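A short worksheet on the structure shown next.
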Amino acid sequence: MTQNWNAEQYGKVGAFVHQLAGGVVEWLAPQPGEQILDLGCGDGQLTARLAATGAIVTGVDASADMVAAAKSRGIDAVTGSADHLPFRDANFDAVFSNAVLHWVRNHEAMLTEVRRVLRPGGRFVAEMGGHGNVAAILTALVATLARHDYADVEDGVNYYPTPESYRRRLERHGFKVERIELIPRPTLLGEGGMQAWLRTFRSGVLTALPENLRETVVAETCALLTPALRDEDDNWTADYVRLRFIAQA
């Protein structure tokens, strides 16, 4: 299963991703003139905020559509995968990533690459989905998929580690972890609510289903989630939990 990204749809439904990134940007503390890689830059909205600090920011993303959107904002961005970064050794003072690492399949290769492109003493600052992230959403989705004999299409879509397990993983790759925290962040969803969230952030899962079943799965999942995540004014809140860290090469 491959997640599909549409930059226009993501910009409408996923705007909260860059809007709620103030905390991890604060941990990064970008400085004028330093070279920063935005790993998984997406449509470039957050990358532009980093560049506005005076830092020299380069974006990389696996989605060509997202890279095109980032370039349209004036971002220096290239298409590339996290486990095979298209940059020379010791090229960056910092590698930054927001809401991306939980989509990476091969964290061992990704961390090797991040360490390779960082200068000695450089920092890796990131926020990703942490243990318990969207647990209610996934429970409802898997239950619905199982009812239609497609439970396996959700297997391995994301990786949501605990702080302890990810600290060990970082340390095995030679990083010195300065700070790592699990942060509950219930997130109010915008227009389209949970239906739009599922169509955007589980587009790969839905695409793996027969076309005539996709909207049924969305509707049944939302019905299961209504008592827990939709309020009396029809507002949806996603049960996000983030893992944020800063580690030094």
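Counting DSSP beta bridges with both partners in the chain, what percentage is antiparallel, nearest 5? Here the antiparallel bridges make up roughly 55 percent for the chain.
Given an 8 Å cut-off on Cα distances and at least 6 residues of separation, report the relative contact order of the chain as a percent. Please list the in-between numbers first.
Details: 471 pairs, mean separation 57.0, N = 249.
Worked out over the chain, it gives 23 percent.
I need the shape label for the chain. Rule: rounded when a/c is under 1.5, else prolate if a/b > b/c, else oblate, with a, b, c from the alpha carbon gyration tensor. Prolate, because a/c is 1.5 or more and a/b exceeds b/c.
Between A99 and E127, M128, the built amide H atoms are under 5 Å apart, and every one of these is 5 or more places off in sequence or on another chain.
Multiply the residue gap between A90 and T207 by 0.36 nm, knock off their C-alpha separation, and tell me the result in nm, one decimal place.
On the way: separation 117, 0.36 × 117 = 42.12 nm, distance 3.89 nm.
Difference between extended and current length: 38.2 nm.
Please give, to one decimal in nm, the separation of the simple spin-label points placed at A219 and A68, each 7 Å out from Cα toward the Cβ. Going by the 7 Å Cα→Cβ label model, 3.3 nm. Whole-percent P(r), segment 154-211, all Cα pairs, 5 Å bins from 0: 4, 13, 16, 15, 15, 13, 13, 8, 3, 0. Residues of segment 216-249 falling in the label zone of R169, defined by backbone nitrogen less than 13 Å from a point 7 Å along Cα to beta-carbon, are 243-245.
Annotation: for a label point projected 7 angstrom from Cα along Cα→Cβ of R185, residues of segment 92-107 with backbone N closer than 18 Å are 95-104.
Any idea how far the Cα center of segment 206-245 sits from the one of segment 141-155, in Å? After rounding, the separation between the Cα centres reads 13 Å. Estimated from the Cβ-Cβ distance and a Förster radius of 22 angstrom, the FRET efficiency linking E178 and R105 is about 0.25.
Estimated at 0.36 nm per residue, the fully extended path between A136 and D233 surpasses their Cα-Cα distance by 32.9 nm. Restricting the calculation to Cα atoms, segment 144-249 yields a radius of gyration followed by a Dmax of 17.5, 50 Å.
Values quoted throughout were computed directly from the atomic coordinates according to the rules given, and no laboratory measurement underlies them. Just so we're clear, the structure is a prediction, and the values are computed from it rather than from any experiment. Positions of Cβ are backbone-derived with ideal geometry, glycine not excepted, and every protein chain shown enters the neighbour counts.
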